[in-house]
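Quick one: this structure, given as structure tokens, is what I'll be asking you about.
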Amino acid sequence: MAPSPRFSLSKWYFDCVTDEGDAFVGYAASLRWSVLSLEYSGILVRRTTGKIQTRSTLHGGTLPLVSGSTVQWDCPSLKLKGSWGAREQPLKHTVLSASETPLEWSCLQPHALAEISVADIGTFTGSGYVDYLTLTTPPWKLPLDELRWGRFLSETTSVIWMDFKGAFPETVVFCNGSLCDGARVTDSEIELGKDLPKLSFADTHILREGVLGSTALSVIPGVTKLLPARMLKTEECKWRSRGVLKDEKSVLATGWTIHEVVRWPQSDTSQRS
């Protein structure tokens, strides 16, 4: 399963949750695949009232800029200006390292102070997160069946997790920038390790749910002809929850969590290469 020299996908992910629980999620991606070349940016907002707003564009805009300990994302097509200032050092980790398609994951802002303004939607100030990933292998060719990802941020604590199911299962959990040995991820909680605190979820609300072909990828013209079924039929459910970190004796921290489950369908023999 060698990487395709014709394929390159760079993807930025941004988020912020205000103290009140309003959630902002943003994406900026650049795709080069054979003769196809496109740039995509999109945002998703969920208010505590339950109101959900989305906005997306295929117009090339200004890519995010890293300047010292700050990441700035200004996207005129989305009428957006955002800034994420670091509260913790960046993280880097190679995932799926045992496979033929290892991925370099860069978390530029595991815990940040985010300030975002989106015209006609509103402003958001709160704890935020930024990561970046570059793929040279099409995502539908990765040896994955399921991925659980999430981040929990409080005033004093950050927990970030990735749990991969498939041919090369792997669990990666960071707490305050340190890799947790023996961590475990389930639908209901994150165990940081034996005899260590656990993170559970409350006040959970869906941000987005469905197959990618009808949600995140639907803005791409002719997407059903461009991408294989294994990509279009990939299921995603993303939530905003109240996170509670506690040990056997007491609650150690509370904060907002954004987390998701992504499930790939079985391999499609008609996949495009």
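Modelled with pLDDT under 95, at positive phi and open to solvent by 50 Å² or more (accessible area, probe 1.4 Å), is that true of D187?
no
Being of a type outside the set (A, V, I, L, M) and touching a Phe, Trp or Tyr at 6+ places or on another chain (Cβ under 6 Å) is the filter; apply it to region 92-135 and report the residue that is surrounded by the most Cβ atoms within 10 Å (Cβ to Cβ).
Among those residues, the one meeting the criterion is G128.
OK, next. Please enumerate the residues belonging to region 149-168 that are within 23 Å of T18 (Cα to Cα) and among the basic types (K, R).
Answer for region 149-168, where residues must be within 23 Å of T18 (Cα to Cα) and among the basic types (K, R): just R151.
In region 190-223, how many residues are over 15 Å from G255 (Cβ atoms), in contact with a strand residue (DSSP E or B) (Cβ under 8 Å, 6 or more places away or on another chain) and charged (D, E, K, R)?
Result for region 190-223: 3.
Suppose we filter T257, T224 for residues that are among the hydroxyl-bearing types (S, T, Y) and assigned to a strand (DSSP E or B); which single one remains?
T257
Just give me the residues in region 192-209 being more than 15 Å from R242 (Cβ to Cβ) and either in contact with a helix residue (DSSP H, G or I) (Cβ under 9 Å, 6 or more places away or on another chain) or open to solvent by 40 Å² or more (accessible area, probe 1.4 Å) (or both), in sequence order.
Within region 192-209, K194, D195, L196, R208, E209 qualify.
Regarding V251, is this residue within 29 Å of T18 (Cα to Cα) and either touching a Lys or Arg at 6+ places or on another chain (Cβ under 9 Å) or charged (D, E, K, R) (or both)?
no
Can you pull out the residues in region 249-262 that are at pLDDT 95 or above and open to solvent by 80 Å² or more (accessible area, probe 1.4 Å)?
V251, L252, listed by residue number.
Pull up region 1-50, narrow it to residues that are of a type in the set (S, T, N, Q) and touching a residue at least 12 places away in the same chain (Cβ under 8 Å), then point me to the one that is surrounded by the most Cβ atoms within 10 Å (Cβ to Cβ).
S41
Does at least one position in region 158-165 carry a residue that is free of Cβ contacts under 8 Å to residues at least 60 places away in the same chain, farther than 26 Å from I43 by Cα and assigned to a strand (DSSP E or B)?
Yes: one or more hits.
Output the qualifying pairs, or none if there are none: Cβ atoms under 8 angstrom, residues six or more apart or on different chains, first residue in region 234-253 and without any contact (Cβ under 8 Å) to a residue 12 or more places away in the chain, second residue of a type outside the set (S, T, Y).
These pairs meet every condition: V251/V244; V251/L245.
The values are calculated or read from the model by the stated rules, or taken from the named source; none is laboratory data. For clarity, every value in this text was computed on a predicted model and none was experimentally measured. Using ideal geometry, Cβ is built from the backbone for each residue, glycine included, and neighbour counts are taken over all protein chains shown. Side chains are part of the model used for accessible areas, which takes the heavy atoms of the whole protein and leaves out ligands, DNA and RNA. Shrake-Rupley method; radii C 1.70, N 1.55, O 1.52, S 1.80 Å.
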